[in-house]
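*Asks:* Here it is, the structure in full.
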Amino acid sequence: MKKELKFKKQGMTKNDAAAFSSAAAKFKSEIYLIHMNKKVNAKSLMGVLAVSLSLRPGDDIMLSAEGGDAEKAVAALTGFFI
């Protein structure tokens, strides 16, 4: 399952990134965050932090998940970016 999003916030703080990766870790699916040809494991705080540094309002980002709870994961994690 993939979902393309427009980043609408003014930025992503380290606390936002920690909350996102913590929420992603609750799912069994493999979840990735893709931005500007960078694909990082959404459960990895360091990976999410690396992507968050380059996020600007209006940027295209993609959430990708594979597994039994992929649809629920994408739906739950979308709110972190809009």
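*Asks:* To the nearest 500 deg cm²/dmol, what mean residue ellipticity at 222 nm is calculated for the chain from DSSP H runs of n ≥ 4 alone, each contributing -39,500 (n - 2.57), summed and divided by the residues?
*Replies:* Estimated from H runs of four or more residues: -10000 deg cm²/dmol.
*Asks:* Going by how many other Cβ atoms sit within 10 Å of their own, how do 3, 14 line up, fewest first?
*Replies:* Fewest-to-most ranking of 3, 14: 14, 3.
*Asks:* Do the alpha carbons of any pairs in 14/39; 6/26; 8/28; 14/72; 6/38 sit beyond 21 Å of each other, and which pairs?
*Replies:* Checking Cα-Cα distances, 6/26; 8/28; 14/72 exceed 21 Å.
*Asks:* Can I ask one more? Would you order 31, 61, 82 from fewest to most other beta-carbon atoms within 10 Å of each residue's own beta-carbon?
*Replies:* By the 10 Å Cβ count, ascending: 82, 61, 31.
*Asks:* Something else: Fewest to most neighbouring Cβ within 10 Å: what's the order for 12, 36, 1?
*Replies:* 36, 1, 12
We did not get these values from a lab; they are worked out from the coordinates using the rules stated. As the structure is a computational prediction, the values presented were derived from the model and not from experiment. Reconstructed Cβ throughout: ideal geometry from the backbone, glycine too, with neighbour counts over all protein chains shown.
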